[in-house]
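For reference, the structure is listed below as C-alpha cells.
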Amino acid sequence: MRTCTVLLISLLFLTACSNSKVTSSWKGPGSTRLAPGNKILVLGIIREKDIRLRMQMEGFLVDALKAKGYNAVSAYMLYGPKMFSNKDEESALSQLHNSNIDEVFTITLLDKARERNFQPAAMYPYSPFWGYYNYWYGRAYSPGYVSVDTHFFWESNLYDVSSKKLLYSVQSQSTNPSSAGSMGKDYSKAIIKNMTKAGVL
C-alpha cells in the first residue's frame, strides 16, 4: 500500500511540475500596445537538429497571437530553416520589409539542464528528537526513488522592424515537458499572459 502511495505521489509531483512560467520580463520605456493586425514574425533561434522543437515553439505562439487579433507568421513556414543564411543586416531587414513584417518576436533556448532529486520512501515530521531518531533508526537506507527534472530556459525578445528597437523582453522556464508540443503550448500561454499584463498586446 505504501509503495502505491509513493508512486502516486511521485506521478502527481511530475505532473504538477510539467509547465512553463515567466521568471522575469521587461517592457521598453514609451512602448505602446501593438496595433491589432500588425504582422509579427515569430522566429525560433534553435539548433538545426532540434527543428521539430523550433516548429512547435513557433507554431503555438503564432496561433496564440492570431487569437489575439495579430497577423502572426512562423519564420520557418515563411522562409524555411535558414532564413538569414549568408545575409548581412541590410539584406535581412530588406527581406522583412518586403514581407511587410512589423515586428519580430525571437524565441531563444538559452540552456537545458537536468536535476536529480532523491525522495525517501516516506517522510514524516517527528518531534521531539527521540521520536525522529526512533523512527528512522534502522530505516536510514530504506528504498526511495530518484526523480530527474528537466528544465528548459528561454529568452524571447520583441523588436520593431522599422526603428530596430527592443520593445519587450521576457525570460521563462519550462519544466518536465512531456513533448515539444506540450512545451510549445504551455510556453505560448505563459508568454501571451505576460505580454497582455504588461500592456504589450
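Here, each number is a calculation from the coordinates, and none is a lab measurement. Since the structure is predicted, the reported quantities are computational estimates derived from the model, not experimental observations. Here Cβ is always computed from backbone atoms with ideal geometry, including for glycine, and neighbour counts include all displayed protein chains.
Amide H contacts under 5 Å for residue 72: 40, 66, restricted to partners 5 or more places along the chain or on a different chain, H placed in the peptide plane at 1.01 Å from N. Modelled this way, with points 7 Å down the Cα-to-C-beta line, the labels at residue 49 and residue 108 are 2.1 nm from one another. Each residue in 152, 60 was given a count of other beta-carbon atoms within 10 angstrom of its own, and listing them fewest first yields 152, 60. Within the same chain, lysines fewer than 8 places from residue 197 are excluded, and of the rest, those with a Cα less than 17 Å from its Cα are 21, 27, 68, 189.
Which of the peptides 21-31, 102-112, 161-171 is most tightly packed, and how do the rest follow, judged by the mean count of other Cβ atoms within 10 Å per residue? Intermediate results must be reported in sequence, preceding the final value.
Numbers: 21-31: 13.2, 102-112: 17.3, 161-171: 15.5.
With the highest mean Cβ count within 10 Å placed first, the list reads 102-112, 161-171, 21-31.
You can think of it this way: the chain between residue 66 and residue 196 has 45.4 nm of extra reach, that is 0.36 nm per residue less the Cα-Cα gap.
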